[in-house]
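Down below is the structure, laid out as structure tokens.
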Amino acid sequence: MLKNKKIVYFCQECGYESSKWMGQCPGCRAWNTFVEETVSTKKVSSTGSGLQNGLRRAEPVVLKDIRLSEDERKLTNIGELDRVLGGGIVPGSLVLVGGDPGIGKSTLLLQVCRNLAMSGNSVLYISGEESLAQIKLRANRMGEFKENLKLLCETNLETIKNIIEGRRPELVIIDSIQTMYSEEVSSAPGSVSQVRESTNVFMQLAKGLGISIFIVGHVTKEGTVAGPRVLEHMVDTVLYFEGDRHASYRILRGVKNRFGSTNEIGVFEMRQAGLTEVENPSEYMLSGKPENASGSVVACSMEGTRPILIEIQALVCQSNFGLPRRTAAGTDYNRVNLLMAVLEKRIGLPLSNYDAYVNIAGGIKMNEPAIDLGIIMALVSSYKNRPIDEKMIVFGEVGLSGEVRAVNMPEQRVSEAKKLGFETCVLPAVSRDMVKDMKGIKIVGVKTINDAMNLL
């Protein structure tokens, strides 16, 4: 073994450190998450002049003495991205962008570089996966680029740090964090130690120099960023790209944001010239909706501050096997099973002998409880083979007793439905008083799922 080196074990989920391998992490209780890493045991002297000078330079600051500039955020001129970021890019922020391979992460960030360079900002794009010629081919499809954009193909962390400190760009793109390596860490690129060390260096550069840094992260088959979970805790903002890479539409979701609202989404469409924003997602979510078809209903979900109308499709048919099949696409599978159990217990529908398939049209994932009533009505509509009025929209949370509970921001939901031409809105009875002044749309309040079933 090398001098001043030792073997330790890290948990990939929470970063828990142990001197021996364990099957279950004592910190987060996850199984089989420990990986072996080689770390340095060399101690730094606490009597050196460097530490003393650092202590003299570090002084506490009174909160009221801190000044914020009015134009602190930088707009990317991509409205959907600015919405998810909370109004633009904050100087000195560290943003993590994750998503499946080929979904458009590099394309979107190259468009951000183009727009900011056109606005006169100095931008540095560092790629560890593509050559300069490959980046040039993608850039040719997007249009003209200014000379403010500089490209660099490098994976050595020390070299990248020196270039950033020397040039002081206003925006840096790192594509991707799993390819970066530090010579001071003996493990391979992409390991827990390398990813954590690289992210820590970029975080210090962002905060110390006031540079906005975007880092691209690969994802696992579960959809989370590969490497240590502490990576998401270190950064300021976490953005996830969702959607099928074979389809044209993409969903950009803000999972964490220290400078704005979480769970905001942006909708993009992949075209020849890159990603274009979809300003009204509800229209495209409802495009192609079948007419006079049973098992189809329109519901409203709030994503951050934005109401989005979605089509919920359900298909209930007699099971030919002893164990009925249940499938959920775009929503939680266990939630669908729960709602079907409520229907069987409270209304008496014999759904235990039926196959059930639930789908959220458009490729978007929705887990808000407000779509419960929509799933219920779609299932009953398919079971009874009775179409639901095309001009009707429903939303509401369903409890285990079959009651329909209130949801947040009903005014925005009803207003969005009215804007798109819906004539009837079915919502929880307790939320009816909040939208009683709404004109031009019929409001129907329901207390239980029995009341909702009477509308079919």
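Values as computed for the structure displayed
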| read-out | value |
| --- | --- |
| Count of residues meeting criterion [out of contact with any Ser or Thr (no Cβ under 8 Å at 6 or more places or on another chain) and part of a helix (DSSP H, G or I)] in region 343-385 | 13 |
| Checklist (1) closer than 22 Å to residue 363 by Cα; (2) under 18 Å from the mean Cα position of the chain (by Cα); (3) not aromatic (Phe, Trp, Tyr); (4) not assigned by TED's automatic domain parsing to the domain that holds residue 391 applied to residue 271, failing item | (2) |
| Matching residues in region 4-36 - criterion: being under 19 Å from residue 234 (Cα atoms), modelled with pLDDT of 80 or more and in contact with a Gly (Cβ under 7 Å, 6 or more places away or on another chain) | 11, 16 |
| Flag if residue 154 is at pLDDT 90 or above, surrounded by fewer than 16 Cβ atoms within 10 Å (Cβ to Cβ) and in contact with a helix residue (DSSP H, G or I) (Cβ under 7 Å, 6 or more places away or on another chain) | yes |
| Test result for residue 334, exposed (fewer than 14 other Cβ atoms within 10 Å of the Cβ), assigned by TED's automatic domain parsing to the domain that holds residue 288, in a loop (DSSP other than H, G, I, E, B) and within 27 Å of the chain's Cα centre (by Cα) | no |
| Some residue of region 174-189 being surrounded by fewer than 18 Cβ atoms within 10 Å (Cβ to Cβ), in contact (Cβ under 8 Å) with a residue 24 or more places away in the chain and of a type in the set (Phe, Trp, Tyr) | no |
| Qualifying residues in region 157-179 (those that are over 11 Å from residue 202 (Cα atoms) and not in a helix (DSSP H, G or I)) - the one modelled with the lowest pLDDT | 176 |
| Region 128-156, residues that are assigned to a loop (DSSP other than H, G, I, E, B) and over 24 Å from residue 118 (Cβ atoms) | 128, 129, 131, 154, 155 |
| Every residue from region 259-290 that is part of a loop (DSSP other than H, G, I, E, B) and surrounded by 13 or more Cβ atoms within 10 Å (Cβ to Cβ) | 259, 260, 261, 262, 263, 264, 278, 280, 286, 289, 290 |
| Residues of region 402-434 that turn out to be more than 11 Å from residue 447 (Cα to Cα) and small (Gly, Ala, Ser), as a count | 3 |
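The values are calculated or read from the model by the stated rules, or taken from the named source; none is laboratory data. Just so it is clear, the model here is predicted, and its values are computed rather than measured. Positions of Cβ are generated from backbone atoms using ideal geometry, with glycine treated the same way; all protein chains shown enter the neighbour counts.
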